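Down below is the structure, laid out as structure tokens.
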Amino acid sequence: MPLLRSETQGRLLAELFLHPDREYSLRSLAKGVGVSPPTIQRDIDRLVKAAFLHEKRVGNSRLVRAATDHPVFGQIADIALFGYGPLAILPDILSRISGISDAFIFGSWAARYSDQAVGHAGDLDVAVIGNPPRRDLFQAAEQASRRLKIETNIQRVGPKQWEDEKDPFVASIRSSPRLQIRLFEEEAS
């Protein structure tokens with residue numbers, strides 16, 4: 001994300017602002033971001049000082065969490081979501097799998113992206129259209145879950161099933177917010 005000072009800062013904001021219900025010790029936060037605790041300590045100090053994070057001490061541990069009551073919490077979460085959320089991560093994971101013609105995020109995460117979310121977005125629901133190997137989808141779901149730190153469920157929908165307007169699963173996806181996952185680079189005109 002070119003708006004942020006560093007990739008570490010972006011991953012830190014994503015960890016905190018995409019999971020605002022969680023509290024983190026500096027050690028667990030550093031591990032989640034993939035750096036040492038001293039590396040993120042200055043960023044944490046700045047974020048606490050600016051009231052973007054709430055902080056508390058429990059024994060020798062310093063715990064922080066996103067300040068959901070901050071006036072720009074939503075905007076920061078949106079930046080983290082755009083640069084480090086499912087729509088940024090899933091194309092890389094799914095585009096490597098043969099047999100997928102299209103893919104969508106649906107459910108609570110699609111509602112979150114569409115500003116229709118009510119409450120916290122839970123697990124990530126993904127529908128792939130086509131006939132990719134189930135084993136590959138299972139591995140992709142595990143990889144997405146690890147990278148996003150969100151339980152990810154990938155449902156395979158065959159092309160005929162996707163065209164069946166009477167299929168209850170397809171109808172539920174089509175009638176609620178859904179976001180297309182861009183699997184293929186669009187060719188320049």
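The values are calculated or read from the model by the stated rules, or taken from the named source; none is laboratory data. Being a predicted model, the structure only gives us computed values, none of them experimental. All Cβ positions, even for glycine, are placed from backbone atoms using ideal geometry, and neighbour counts span all protein chains on display. Ligands, DNA and RNA are excluded from the accessible area calculation, which covers all protein heavy atoms including side chains. Shrake-Rupley method; radii C 1.70, N 1.55, O 1.52, S 1.80 Å.
In the range 52-81, the residues that are farther than 24 Å from residue 6 by Cβ reach residues that are open to solvent by 40 Å² or more (accessible area, probe 1.4 Å) and among the basic types (Lys, Arg) with C-beta atoms within less than 9 angstrom, at least six apart or across chains, in these pairs: 56/65; 61/27. Is it true that residue 112 is of a type in the set (Lys, Arg) and assigned to a helix (DSSP H, G or I)? Yes.
Of all residues in the range 154-178, those being open to solvent by 80 Å² or more (accessible area, probe 1.4 Å) and charged (D, E, K, R) number 6.
I'd like the residue in the range 141-153 that is crowded, with 18+ Cβ neighbours inside 10 Å and in contact with a strand residue (DSSP E or B) (Cβ under 6 Å, 6 or more places away or on another chain) and, out of all such residues, is farthest from residue 21 (Cα to Cα). Quick ask: steps written out before the conclusion?
Going through the range 141-153, the residues crowded, with 18+ Cβ neighbours inside 10 Å turn out to be 141, 144, 148, 150, 152.
Next cut, in contact with a strand residue (DSSP E or B) (Cβ under 6 Å, 6 or more places away or on another chain) only: 141, 144, 150, 152.
Working: 141: 23, 144: 20, 150: 13, 152: 18 Å.
Here the residue is 141.
For every residue, the table says whether it meets (1) in a helix (DSSP H, G or I); (2) touching a strand residue (DSSP E or B) at 6+ places or on another chain (Cβ under 9 Å).
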{"position": "126", "(1), (2)": "no, yes"}
{"position": "132", "(1), (2)": "no, yes"}
{"position": "137", "(1), (2)": "yes, yes"}
{"position": "155", "(1), (2)": "no, yes"}
{"position": "160", "(1), (2)": "yes, no"}
{"position": "166", "(1), (2)": "no, no"}
{"position": "173", "(1), (2)": "yes, yes"}
{"position": "176", "(1), (2)": "no, yes"}
{"position": "179", "(1), (2)": "no, yes"}
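Here the range 100-144 is the region considered, the condition is being acidic (Asp, Glu) and within 17 Å of residue 86 (Cα to Cα), and the residue that is modelled with the lowest pLDDT is 115.
Is one or more of the residues making up the range 37-48 in a loop (DSSP other than H, G, I, E, B) and either closer than 24 Å to residue 150 by Cβ or out of contact with any Gly (no Cβ under 6 Å at 6 or more places or on another chain) (or both)? Steps first, answer last, please.
Quick first cut of the range 37-48, residues in a loop (DSSP other than H, G, I, E, B) only: none.
There is no residue in the range 37-48 that is in a loop (DSSP other than H, G, I, E, B) and either closer than 24 Å to residue 150 by Cβ or out of contact with any Gly (no Cβ under 6 Å at 6 or more places or on another chain) (or both).
Quick one: which residue in 4, 13, 29 is of a type in the set (A, V, I, L, M), in a helix (DSSP H, G or I) and under 17 Å from residue 73 (Cβ atoms)? Write out each step before concluding.
Working: 4 fails: in a helix (DSSP H, G or I); 29 fails: under 17 Å from residue 73 (Cβ atoms).
Going through 4, 13, 29 in turn, just one is of a type in the set (A, V, I, L, M), in a helix (DSSP H, G or I) and under 17 Å from residue 73 (Cβ atoms): 13.
Would you mind telling me which numbered condition in (1) under 24 Å from residue 123 (Cα atoms); (2) among the charged types (D, E, K, R); (3) open to solvent by 30 Å² or more (accessible area, probe 1.4 Å) residue 46 fails? Answer for residue 46: the failing condition is (1).
One residue stands out in the range 82-96 among those that are touching a residue at least 60 places away in the same chain (Cβ under 8 Å) and crowded, with 17+ Cβ neighbours inside 10 Å: the one that is nearest to residue 162 (Cα to Cα), namely 94. Exactly one residue out of 99, 107 is surrounded by 15 or more Cβ atoms within 10 Å (Cβ to Cβ), among the small types (Gly, Ala, Ser) and within 18 Å of residue 144 (Cβ to Cβ), and it is 107.
Residue 69 - would you say it is open to solvent by 40 Å² or more (accessible area, probe 1.4 Å), at pLDDT 90 or above and either acidic (Asp, Glu) or in a loop (DSSP other than H, G, I, E, B) (or both)? When the stated conditions are applied, residue 69 passes them.
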